[in-house]
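Heads up, the thing below is written out as C-alpha cells.
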Amino acid sequence: MSRLRRHFLTGLAALLPLGLTVFFVWFLVANLGRILRPLLVLAPWIQHLPGWLVTVVGFAVLVLFTILVGALTSSIVGRTLVGWLDRLVQRLPLAKEVYGSARQLTDAVFVRRSSLRKTVLAEYPRPGIYAVGFLTSEERVVLPDGRPALMVFFPTSPNPTSGWLALIPEDDVRETKMSIEEGLKFVVSGGLVRPADFGRR
C-alpha cells in the first residue's frame, strides 16, 4: 500500500504541473476567445467553422490586436494618442478612479518592473511572522513617532497583482539575496519555487 501511495504521489507531482498549464491555457483561450466571437460569426466563411475553432480564431485575433496596440503605443503617435485618452478618462467622474488605479498597477507590474526595488523580509502582520515583500520606493517616510519607515508591498499568492502596502520601520525591514523575479516566483508559487540558498545560513 505504501508503495502504491508513493507511486501515486510521484505521478501526481509529474502530471500536476502539466495539467495546470493545460488548464490555464485552455481557460485563457476559451474565455478570451469568446470576447470577439459575436463579431467573428458575422463573417460568412466563419459561420461554417466549428464553435471551438471560432473561439481559437477569436483568441488569436485578440492576441494579434494586443501586439498591434503595443507596437502602436511604442511610437510617438501612439504615445500621444494614449496620453490623450488618459487625460480624457481621468476627467470622467466615476471611471477615473477605477482607471487610475488599474493603470498604475498594470504599469508597475508589466511596464515598469523596476518600480519594485528590492525583495525584502519583514515581520508582518505581527511580530514573529515573516512575509516576503517588495520595496516600492527607497524614499524614507517619517512615522508619527519619528522613526523612518519604508514602503513595502506584500503581494498575494498566487495572484501578485493584488496585495497591500505597509509602512514598516526601516530597522525592521531585512533585505534578501533574491532578485525581483525570484521573489515574484516565490510568491506566485506559494513558496514551492525558491532559490536554493533561501533560508540557509
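The values are calculated or read from the model by the stated rules, or taken from the named source; none is laboratory data. No experiment lies behind these values; they were computed from the predicted model shown. Don't worry about glycine lacking a Cβ; one is built from the backbone with ideal geometry, like all the others, and counts go over all protein chains shown.
Against the condition in contact (Cβ under 8 Å) with a residue 24 or more places away in the chain, more than 27 Å from A13 (Cα to Cα) and in contact with an Asp or Glu (Cβ under 8 Å, 6 or more places away or on another chain), how does R174 come out, does it pass? Against the criterion (in contact (Cβ under 8 Å) with a residue 24 or more places away in the chain, more than 27 Å from A13 (Cα to Cα) and in contact with an Asp or Glu (Cβ under 8 Å, 6 or more places away or on another chain)), R174 does not qualify. Residues that are at pLDDT 75 or above and out of contact with any Phe, Trp or Tyr (no Cβ under 6 Å at 6 or more places or on another chain) do not occur anywhere in the stretch 39-49. Counting just the residues of the stretch 170-181 that are outside any loop (DSSP other than H, G, I, E, B) and surrounded by fewer than 15 Cβ atoms within 10 Å (Cβ to Cβ), which one comes out farthest from the chain's Cα centre (by Cα)? This residue is D171. Residues of the stretch 146-168 that are touching a Pro at 6+ places or on another chain (Cβ under 6 Å) and part of a strand (DSSP E or B): A149, G163.
Please enumerate the residues belonging to the stretch 124-139 that are in a strand (DSSP E or B) and at pLDDT below 90. T136, S137, E138, E139, listed by residue number. For the stretch 148-172, the tally of residues that are in contact with a helix residue (DSSP H, G or I) (Cβ under 7 Å, 6 or more places away or on another chain) and farther than 22 Å from L184 by Cβ stands at 2.
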